Each structure stands twice: as C-alpha cells, then as structure tokens.
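The values are calculated or read from the model by the stated rules, or taken from the named source; none is laboratory data. In this text, all values refer to a predicted model and were calculated from it rather than measured experimentally. Every residue, glycine as well, gets a Cβ built from its backbone with ideal geometry; the counts of neighbours run over all protein chains shown.
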C-alpha cells in the first residue's frame, strides 16, 4: 500500500492536529513515562522556529488519514553534515512499511541538503536493557543501518524532596564552594545572564558524555536564547535555573523546565560543570539549590524527569543521592548516508 508524503504546517490546523495525535499515540504506546509535546507546544514551535535550525515536518497519508509522522531538523550555524530525524507510526498501522517509507523520505531530503550524518532517538522501557533488544523502535533503527551511539537512562524524582535531605546534600558540597557564588532565577534567561547561559549551554553537547556521536560544539548565540525565551512563553514552559560563578566567570549551571500543559510534570534540561571547575561539588550544589527553588515556586509539581548517559557516573551518583529512580531508557542512533 503506497503512502502519500505531505508537508505539515500550521496553515492546515486539522492536518497538524491529526499529525500530533498520531505522534503522541506512537510515543506513548506501551510507555507510561513517554514525554511527547502537546499540540499547543508543537504549533508554537512551528510558528516560532529556532533560528539556529532548519526544520520540516511530514505526514504519511493512506486513504486520507495520517498513519506516520516524520520530522527533520538541521543545524544552520554548526555541524554542517548533520540532520536529526524522527519517525513515528500509529500503533495499529505498524509493520506495513509506512515507517520505512517515511524514513526514506526524510533521508532523501536530508541528503539533498548535503546532510549525510543522520541522527535520531528511540526510547524504550527500562526492562529491555541497555541495547533495547526486541523493542520495535530500536530494531527499526538497526534494520535501516543506524547504530546506537549513546545510551541513556531515564530517571524520575518524586516531589517534594525533604528539607533534611537537601540540607544534608548542601552540607556535603559547602566545604568545596569557597570563591563561588550561586544565582537562581525562574522565567526567561535575564539579559545580564545571556552570555553566561550561552557559554554553558553550548558546551553541553560535547563536554557531557557523547559516546560515539560524531557531533561538533555549537556556537554561543545570545539571539537564539532570546528567541527561545519567546518560544517557551508561547508553549507555557517556565525555566527554573541555578548558575555557579567564580567572580564573573560562569562555572556551572542546571535548569528544570516546568510545563504548563502537563500539570505536575517537570523536566531536567541541561546540567554542566565546566572542566576547569570540576571536583568542587558544583553539580550537586547547583542541583540542590535549584530543587529548593522549584519546590518553593512550583509546589504543584509532583515529579522531575531526567535523562543521563550511561557513562555519566558522576551525574548519576548525584541524582541517586537526591532520590531519582530509573524508569526508562533512550538511545541516540546515527549513520552516514552514501
């Protein structure tokens, strides 16, 4: 059965809504810790695109209905060979070649843009192991030439965390913090922190464990952060962040995103301690301080979800001390086309 590939844009809200429904059903299928975007978040991202990336969304149509979704993005300012691809197939429509057709369409478009380093993600239940053997998403990736380049574990922290535990963890870090100051905020990144944020956030992709991923550092870009501030406001997402400084030098940061469309849920985003500042418990200190702010400012939040590379033993240790529990896995896959 042939699949018609159509572009998806906010100009066709009915198609966009059906596309989002299929994407959500596929991502949540047999995974109670899935984290798909809501329709409002998808629509806002299309209407206010990140200036650092090109982006396209495709629908696979059979008999006038969406059976598969596809997305692709490609960096415009760095990583000139890379493209990030995502494919989802409506669970009742699986094993009919629709995912294969969608992936072929995405790969063809990527190669046409000169992008031959193709990257994607798959998530699976924790009990399927580090390789995800037997899980449909990982088997699909491998069957089409993608190799697992970085394995990650999804963890969940139930809130609130007790004050006594937070006090004890802070006390562990405090003796190492001489010469450093912490600063927390909620909401958009303030103008006076834009440069510090871009320096830290742009380093996450390469200073954090990356396994076999063939990616390059991204360039700091304050204008992109301003654009992200506007997008997050449109998506009803609120940043809760804590920075560590030595004098005026940014040394570490951590951030949690509170999502207005999913009451009770929050996501751990980036956490990074720059190499020259490691060994001073800055990761622990910033995460504890940030969790205090989160619980004070957003008492309705019931849990935090995070992902850690399997190789990131230091961050895993911090999260275990805070009470995070393993609930799922994710893998980043890649292949070179042509």
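The table below gives the values:
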item: The stretch 264-291, residues that are part of a helix (DSSP H, G or I), surrounded by 17 or more Cβ atoms within 10 Å (Cβ to Cβ) and out of contact with any strand residue (DSSP E or B) (no Cβ under 6 Å at 6 or more places or on another chain); result: 284, 285, 288, 291
item: Residue tally, condition crowded, with 16+ Cβ neighbours inside 10 Å and touching a strand residue (DSSP E or B) at 6+ places or on another chain (Cβ under 8 Å), over the stretch 307-322; result: 7
item: Residue check for residue 305: in the same structural domain as residue 170 (by TED's automatic domain parsing) and not in a helix (DSSP H, G or I); result: yes
item: Filter result (buried (at least 16 other Cβ atoms within 10 Å of the Cβ), touching a helix residue (DSSP H, G or I) at 6+ places or on another chain (Cβ under 7 Å) and not in a helix (DSSP H, G or I)) within the stretch 218-237; result: 218, 220, 221, 235
item: Qualifying positions in the stretch 125-140 - crowded, with 21+ Cβ neighbours inside 10 Å and touching a residue at least 24 places away in the same chain (Cβ under 8 Å); result: 132, 138
item: Within the stretch 148-175, tally of residues that are more than 26 Å from residue 291 (Cα to Cα) and assigned to a helix (DSSP H, G or I); result: 0
item: Check on residue 145, part of a loop (DSSP other than H, G, I, E, B) and in contact with a helix residue (DSSP H, G or I) (Cβ under 6 Å, 6 or more places away or on another chain); result: no
item: Pairs, first in the same structural domain as residue 289 (by TED's automatic domain parsing) in the stretch 161-172, second outside any helix (DSSP H, G or I), C-beta under 7 Å, six or more apart; result: 161/323; 172/281
item: Set 164, 122, 143, 171: member being buried (at least 16 other Cβ atoms within 10 Å of the Cβ) and at pLDDT 95 or above; result: 122
